[in-house]
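Student: Please see the structure below; I have some questions.
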Amino acid sequence: MLIKKPADIPSSEITPKSLYLNRRKFLAGTVISGAASVAGMSLGELAEPMTVQANTKVEGIQESSFSTTEKITPLKDVSNYNNYYEFSTDKYEPAKLAKDFKTRPWTVTIDGQVKKKQVLDVDAIMKMATPEERIYRHRCVEGWSIVVPWVGFSLSELINKVDPMPKAKFIEFTTVLDPNHMPGQRTGVLEWPYVEGLRMDEAMHPLALLCFGMYGESLPNQDGAPLRIVVPWKYGFKSAKAIVRIHFTDKQPINTWNKSAPNEYGFYSNVNPNVDHPRWSQAKERRLGEFFKRPTLMFNGYDQVASLYSGMDLKKNF
Ligand code: MTE
């Protein structure tokens, strides 16, 4: 997705030198273009040796009727190919750079137009409802996609417990600001902290997931531990990682990518094969590990959200 400024930022600046040198060594021995790096081969085979973190099993997970029956993308691919600019703009690096990031203690501030303003411990949030496994398609705006068994429960479960006021028309998610431990935040690649938002009815849709795990265990750091959202009918950048604040507001939030490149990334960012990104088509996608591209589906195949947008011009509200 970065597209705008990476050329200005030598990777030596955002990566510890040893990793940078290793990566250079790796690249020198292997000619891969960005596109080829996801084509045909397992990412695990292509990338440098990676670590999948040992995580904690989530107890009492129930199945969900929202799950797709499509083939699940292997964990090693999902957790070693990440967009997490707080750590790096290189998709292979968050797995290593986030390895020792501390996700406890961790609190989430609930504020704004809500009756029960409070600061909640993440472990208390995780106990608010029965965890479900939701196997969702996850489509990145850059054209790759994965199928992930996320663990969490509908965001609406939390929203209902904190009692929003009628004025609350939107929810703004702010993610953690910790430049001492997040090397990407010591660069100007994006404005920090990362902010995302949803309209209240989108946030209340049962498909919108408050997520704290995947593949039966707590989230690996590089996938957004300890708490993220997953909005499967929108491009991946709407699914903010490492959330520390949920703010209820009457104003449409200005999300980070919209601020960074307003003509390229909108507020809604619904997956839409009929609306191209200004610099590439969105008609097809490549599932990680597959060679041939497949057609991208409207709302990423989650037709049940269509009524949220009836009467809206989705070209204008991209
Ligand atoms: N959240 C934060 N805090 N920082 C980020 O850089 N990247 C987004 C989104 N959430 C991002 C983020 C983008 S562009 C995508 S595609 C997804 O996370 C990727 O999620 P994944 O790495 O778990 O596949």
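Bear in mind these aren't lab numbers, they're just calculated from the coordinates by the rules spelled out. Because the structure is predicted, anything quoted here is derived from the model rather than measured. Neighbour counts are summed over all protein chains in view; Cβ atoms, including those assigned to glycine, are modelled from backbone coordinates with ideal geometry.
Student: What's the exposure ranking of ASP111, ASP100, going from fewest to most Cβ atoms within 10 Å?
Tutor: Going from sparsest to densest Cβ surroundings: ASP100, ASP111.
Student: Same structure, new question: Of LYS76/LYS234; LYS117/LYS234; LYS102/LYS234, which sit over 26 Å apart, Cα to Cα?
Tutor: LYS117/LYS234; LYS102/LYS234
Student: With all pairs of different alpha carbon atoms counted, what Kirkwood hydrodynamic radius in Å does region 169-318 show?
Tutor: One over the average 1/r among Cα pairs gives 16.5 Å for region 169-318.
Student: Where a ≥ b ≥ c are the square roots of the eigenvalues of the C-alpha gyration tensor, would you call region 110-240 rounded, which needs a/c under 1.5, or, failing that, prolate if a/b is larger than b/c, or oblate?
Tutor: Taking the square roots of the gyration eigenvalues as a ≥ b ≥ c, region 110-240 is rounded.
Student: How would you rank TRP257, TRP280, TRP150, going from fewest to most other Cβ atoms within 10 Å of each one's own Cβ?
Tutor: TRP280, TRP257, TRP150
Student: Here's something else I'd like to know. Over the alpha-carbon set of region 248-318, work out the extent along each principal axis and list the three values in angstrom, largest first.
Tutor: Sorted from largest, the Cα extents of region 248-318 read 44, 29, 22 Å.
Student: Follow-up question, since we're still on this one. Is the shape of region 212-279 rounded, prolate or oblate, going by the alpha carbon gyration tensor and its root eigenvalues a ≥ b ≥ c, with a/c under 1.5 for rounded and a/b larger than b/c for prolate?
Tutor: Here region 212-279 falls in the oblate category.
Student: When only C-alpha pairs under 8 Å and at least 6 residues apart count, what is the relative contact order of region 254-312, in percent?
Tutor: Here the relative contact order equals 23 percent.
Student: Which of GLY112, PRO179, TRP233 sits farthest toward the positive end of the charge dipole of region 87-234, with +1 on the Cβ of Lys and Arg and -1 on the Cβ of Asp and Glu?
Tutor: GLY112
Student: Right, something else. About the Cα centre, and with charges only on the beta carbon of Lys, Arg (+1) and Asp, Glu (-1), how big is the dipole of region 37-309? Nearest 20 debye, please.
Tutor: Charge dipole, region 37-309, about its Cα centre: 340 debye, nearest 20.
Student: Averaging over every viewing direction, what projected area does the convex hull of the Cα atoms of region 37-309 cover, in nm²?
Tutor: 13.4 nm²
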